[in-house]
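Here is the structure we will look at.
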Amino acid sequence: MSFTPFSDVDSHSAFRHHLKNTLREIDALENDYVLRCSVTELEDHFTEKARIDPLILHADQRYIRDQQGIEIDVSHDFRLPVFPGERAVVPGTRLTIALPYEGDPDLWKIGPSTFGISGYPDIEVRDNHILLSFSFPDDSADAGRLKKQVDQDVDFLVENVQNLREDVDRHNQQIVPQIKQRIALKRDKALGATNAVAALGIPIKQQGQAPTYTIPAKRRTPPVKLPEPTTTAFSPEPVLAEEEYEHILSVLRGMSLVIERNPDSFATLDEESIRDHFLIQLNGHYQGGATGETFNRSGKTDILIRERDRNVFIAECKFWRGVKAFDEAIEQLLGYLSWRDCKCALLVFNKTKDSSAVAAKMHEAMEARAEHRRTVSRDLAGDSRYVYVKDSDPGRDIIITTQLFDVPTS
């Protein structure tokens, strides 16, 4: 069935309604589910749900799909001697031109915020194609006039598809912070409801792990502080506050300058000795909260900060010995994790001459892992950050920041 495109509803109203439906779905999630689910995977899921695929019109691939003879009513033509009430028809041709397209077919009914040239041709949407029909009497066919009409209608579609594309792109950019904010608000409400239940002092039979609570820490003190539980049955897990994570990474990153200023001192050091220099810097900020070679449930790791005998921050220090060894270091790091909230660092000491190539290989290896869910940031000259979720431990975000340090050779 043919219709006039871009004429049912404006893009602002349609896209706002689409986003509201997605936000309502977030609000309707069960509290327990939200608390046990990976925040990253929740954000990705609902962002994808709210996202709109733009229309892509392949006007350069248009072709004649059908051509058939028809009768054309010329009763309205005042140049013909037609009596009032009399119907006059002449032989004619209906030409159907198809234009392939990609995207959501419902978008053809939505008007862009900026309208293009006039024309308003009727179209049919069928089988990933737009169909335009043109009819003309055979005895007065004019190829030049027909081509002009076809070009005008196609130009109308092309221009408004592009205008609508700009609205779609703007929508897709704006939904990301709104989805994140709504999920964060939902989690806050879920945590509040959990606290309210815990405050009753009545033991609850829990299924699975307790929910995670974020407690900001203060600088120059152990960077994790648990809230006081109101009942013995309620046992929240510690979370390393984001600002503390950033501070720890900045302390580690600051070692680049130390290495640059003392090349001869670092040229002959092994991994363990270099690690000790990082520990000295870190302990200067956190009152000895970091230790070296501390045993964990899966072995020993290089730098960690512990809370209640469990790891809150973990960093592995490795010389660059190729992709295979780097991947093994990732596997080793993932084996040390104890809490639902995990913030880690993977420090790589590079003695090759091409640090850019090493950084690129590290990035490829990080994204190639099955646990990879999102690349938060990538900087070949600095830190890169990734979010992992293990299939064996769903619902838990693992934040890994990679840092590359050029170490002089002896």
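Every number in this text was worked out from the coordinates using simple rules, so none of it is lab data. Keep in mind it's a predicted model, so treat the numbers as computed, not measured. Glycine gets a Cβ as well: all are built from the backbone with ideal geometry, and neighbour counts include every protein chain shown.
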Among residues other than Asn163 whose Cβ falls under 15 Å from its Cβ, what is the net charge (Lys/Arg +1, Asp/Glu -1)?
-3
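Using the structure shown, list the pairs from Lys109/Lys186; Lys180/Lys390; Lys109/Lys180 with a Cα-Cα distance above 27 Å, or answer none. All intermediate terms of the calculation are to be shown ahead of the outcome.
Numbers: Lys109/Lys186 34 Å; Lys180/Lys390 21 Å; Lys109/Lys180 29 Å.
In this structure, Lys109/Lys186; Lys109/Lys180 lie more than 27 Å apart at Cα.
How high is the FRET efficiency from Val90 to Lys49, r the C-beta distance, R0 51 Å, rounded to 0.05? Can you show the working numbers first?
Details: r = 53 Å, r/R0 = 1.05.
So the FRET efficiency works out to roughly 0.45.
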Among 123-132, 144-153, how do they line up from the highest to the lowest mean number of other beta-carbon atoms within 10 Å?
123-132, 144-153
Give me the distance in nm between label points sitting 7 Å out from Cα along the Cα-to-Cβ direction at Glu30 and His58, one decimal.
4.5
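First select every other residue whose beta carbon is under 12 angstrom from the beta carbon of Arg321; then total the charges, Lys and Arg +1, Asp and Glu -1.
Numbers: positive: Lys318, Lys324, Lys351, Lys361; negative: Glu271, Asp327, Glu328.
Once all neighbours under 12 Å are counted, the net charge is +1.
Using the Cβ atoms and a cut-off under 13 Å, what net charge is assigned to the surroundings of Leu269, where Lys and Arg are +1 and Asp and Glu are -1?
Values: positive: Arg275, Lys351; negative: Asp264, Asp270, Glu271, Glu272, Asp276.
Here the count lands on -3.
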Evaluated at q = 0.14 Å⁻¹: base-10 log I(q)/I(0), Debye formula over Cα of the stretch 9-180
-0.85
At what distance in angstrom do the alpha carbon centres of the stretch 95-173 and the stretch 265-282 lie from each other?
66
